[in-house]
Structures are given as structure tokens and as C-alpha cells.
Amino acid sequence: MEVIADISSLRLRLGRESSVALVPTMGGLHEGHLSLVDIARHRADCVVASIFVNRLQFAPTEDFDQYPRNLADDCELLENRGVDVVFAPEEKTLYPVAQEFMLEPPPVADTLEGEFRPGFFRGVATAVLKLFNIVQPQAAVFGKKDYQQLHIVREMVRQLNLPVEIVEGEIIRASDHLALSSRNRYLTERERAEATRLHHVLSQVKQGIANGDRNFHELEENAKGILCGHGWKVDYIAIQQCDTLMPAQVGDENLVILGAAWLGKTRLIDNLEVSATRV
Ligand code: PAF
């Protein structure tokens, strides 16, 4: 496995590959990322993982400085998983001048995560577009844990005619169902035990929908109430259509329940898809 930090060396290295699949990451790797590597492996001869903590997608109040950075550990995990090339640029390599040219995502980017993290998807889309231009992969793999990110990246590729296939990876969970996340390592022991409640309330909403309950607002409010009652600060619990990420309407079949909430100083997100076939 080669670890490459500059763009010209990366281009030279990838020039001899017939197909490339990219797994973009911000490091702090866990089994969720590694499962995306496995998917990438089936899509191309050469698997590239990028590691870059993208300042553009962090608000000044967010955890850019604390975000876990351990290139040596990350590279060991990636090498053991059979990655061919790690692209780990310095900030000045990706942003040699202030990045004033930004990609403006569609209005869906101002909802859900975007409502609570203004500018987040502008930063994500701009960085992902740059990574696509630098690596020029045939396929790129994104996890469904960042469900809205996946939706926006797909839409970017579609609306900008980018020659890259977007492939999705399922959420990987701990044995108690907590979705794996780089931010889980911020949790104290007590918070870690409590953290499973987010998945639990989303499962209850899913069960309600599967049982025929279509009072989406009430289902969302109940879930929020349970979390608040256990000390969480809830950003949103929202039942949306899978394809558009617009609020679910009675009669829609493919739904996703998305949640974001704070436990102490840590913000967790999770989601569950549910089929609302008529009962
Ligand atoms: O999901 C992430 O880790 C980041 O948002 C991404 C896609 C690497 C862009 O910085």
C-alpha cells in the first residue's frame, strides 16, 4: 500500500490503473469505513482511500480541531484491509488558496443536517467534487449512516454529469446496535451506554409505521420526548421519503427515519429505512 500526499504523484500512480474505486474518509477509521473498502474492492482493480479532515464542512463552533487524527493507525487498518493507495493530502494541498469557488447544493441541503449545520453540505460537496477530480475514480463508496450526504452526492453526480458511479454501504453497528461513528470515541462510559437509545427510538418509530401508524408527526414527537426525558438534546427526528428526503406523506412507501441528537458534548446521527406498505 502506498501513502501519497501530493496530487501529481497520485495521478502518476493511478495513471497505470484500468479502474479505480474511491472511499473518501476523514480518518478516525472504524469497521464502518472498512466495510466500504470491501465494497470498493469489488468495483475496481485499484482501491484508493482518501483521508482528509475537510475544514470547509465544519462550522467555527464545531469539532474540527478535536476530530480524531491518527494517520499511522488509519493506514494500518487500511493496509490490512487491502487498500492499494491512501491519499492523505495536507490542507494546503487541497486548498492552496482560500477555496472561494464553492459548489451550491440543492435546497434539500438546507433541511435536516443542513438546518443545524448551515453550510455543511456546501463544504462536503465542494470537497467531494475536488476529490473526484483529483482521483478520477470510476466508482466511489459512501456509507448510509450519512444518509443525506449520500443523497446529495448522488444528486451532484446526476446533475453535473460526473462520470462516477456512487455505491452505498450499509450502516455498521456495534453489538448493542449503536451505529459506528468516529465521534463515538468522544463518549464517556456512561454516555456510551445511553447512546444506544437513539437507535432504540428510531426502531420504535419504525415498528409504529410497520404496524400501520401513519401519524408521522406524533411518532416523531414521541421519539423526541423519550430522548429529551433521558437528557438528550434533540436536533431532529424526521420521517422522510427515501428518494427525495422530503417529509413523508401518507401513501408513500419507502421511508427513512432520520435522527440527530446531542448526548453531552457529542452529536450522534442515525437512520433506519422502513417500508410503509399498506396494512
Ligand atoms: O463522510 C465523510 O467522512 C466526509 O463528509 C467526506 C465524504 C469524506 C467529505 O469530506
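The values are calculated or read from the model by the stated rules, or taken from the named source; none is laboratory data. In this text the structure is predicted, and so the values were computed from the model without any measurement. Positions of Cβ are backbone-derived with ideal geometry, glycine not excepted, and every protein chain shown enters the neighbour counts. Heads up: the accessible areas ignore ligands, DNA and RNA and are worked out on the full protein's heavy atoms, side chains in. Shrake-Rupley method; radii C 1.70, N 1.55, O 1.52, S 1.80 Å.
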**Asked** With each label point set 7 Å from Cα along the Cα-Cβ vector, what nm distance links Glu170 and Ala59?
**Response** 3.4
**Prompt:** Residues with beta-carbon under 12 Å from that of Ile7, excluding Ile7: net charge, scoring Lys, Arg +1 and Asp, Glu -1?
**Reply:** +2
**Accessible heavy-atom area order of Glu189, Glu194, Glu218, Glu91, highest first, probe of 1.4 Å** = Glu189, Glu218, Glu91, Glu194
**Complete:** By accessible area (1.4 Å), largest first, Trp262, Trp232 order as Trp262, Trp232
**Asked** What does the convex hull of the Cα atoms come to per residue for the stretch 37-81, in Å³?
**Response** 92
**Prompt:** If the chain between Arg16 and Val250 were fully stretched, how many nm would it gain, using 0.36 nm times the residue separation less the Cα-Cα distance?
**Reply:** 79.0 nm
**Item:** Of the chymotrypsin sites (Phe, Trp or Tyr not before Pro) in the stretch 42-127, those whose Cβ has at most 10 other Cβ within 10 Å and which sit in DSSP loop
**Value:** Phe101
**Request:** Mind checking the full-extension length gain between Glu90 and Glu273? Use 0.36 nm per residue of separation minus the Cα-Cα distance, one decimal, nm.
**Result:** 62.2 nm
**Prompt:** In whole percent, how big is the carbon plus sulfur part of the accessible area of the chain, probe 1.4 Å, protein atoms only?
**Reply:** 50
**Message:** Rounded to the nearest 5, what % of DSSP beta bridges with both residues in the chain are antiparallel?
**Reply:** 50
**Request:** Check the chain and count each lysine pair with an alpha-carbon distance under 26 angstrom, considering only pairs eight or more places apart or from different chains.
**Result:** 16
**Request:** Divide by every residue of the chain the summed helix terms, -39500 (n - 2.57) for each DSSP H run of at least 4, and state the resulting mean residue ellipticity at 222 nm, rounded to the nearest 500 deg cm²/dmol.
**Result:** -10500 deg cm²/dmol
**Item:** Over the chain, relative contact order from alpha-carbon pairs under 8 Å, at least 6 apart, %
**Value:** 17
**Asked** So between Glu189 and Gln207, what do we pick up on full extension, going 0.36 nm a residue minus the alpha carbon distance?
**Response** 3.6 nm
**Message:** Angle check, please: helix 71-80 long axis (alpha carbons) against the longest principal axis of the chain (alpha carbons), in degrees 0 to 90, nearest 10.
**Reply:** 90
**Message:** Under a crude label model (7 Å from the Cα following the beta-carbon direction), how far is Ser8 from Asn80 in nanometres?
**Reply:** 3.6
**Prompt:** Sorted from largest down, what three extents in whole angstroms do the Cα atoms of the stretch 68-193 have along their principal axes?
**Reply:** 43, 36, 29
**Prompt:** Just the accessible area for Glu90, please: 1.4 Å probe, Å², rounded to the nearest 10?
**Reply:** 110
**Prompt:** Once both labels are modelled 7 Å past Cα along the beta-carbon direction, what's the Asp110-Asp38 spacing in nm?
**Reply:** 4.1
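Which value, in debye to the nearest 20, gives the size of the charge dipole of the chain about its Cα centre, when Lys and Arg are +1 and Asp and Glu are -1 at the Cβ? Don't skip to the end; give the middle numbers.
On the way: 29 positive and 40 negative charges, 13 e Å.
For the chain, the charge dipole is close to 60 debye.
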**Item:** Cα coordinate range in the chain, projected on the principal axes (Å, largest first)
**Value:** 56, 41, 36
**Asked** Accessible area per residue, 1.4 Å probe, Å², for the chain: what's the number?
**Response** 49
**Asked** What are the semi-axes of the equivalent ellipsoid of the stretch 9-50, taken as the square roots of 5 times the eigenvalues of the Cα gyration tensor, listed largest first and rounded to whole Å?
**Response** 20, 13, 5
**Request:** Give the relative contact order (percent, whole number) for the stretch 1-138; include only Cα pairs under 8 Å separated by 6+ residues.
**Result:** 35
**Asked** By how many degrees, 0 to 90 and rounded to 10, does the Cα axis of helix 216-229 deviate from the longest principal axis of the chain?
**Response** 80
**Request:** With all protein chains present, calculate the accessible area of Glu17 using a 1.4 Å probe and round the result to the nearest 10 Å².
**Result:** 50
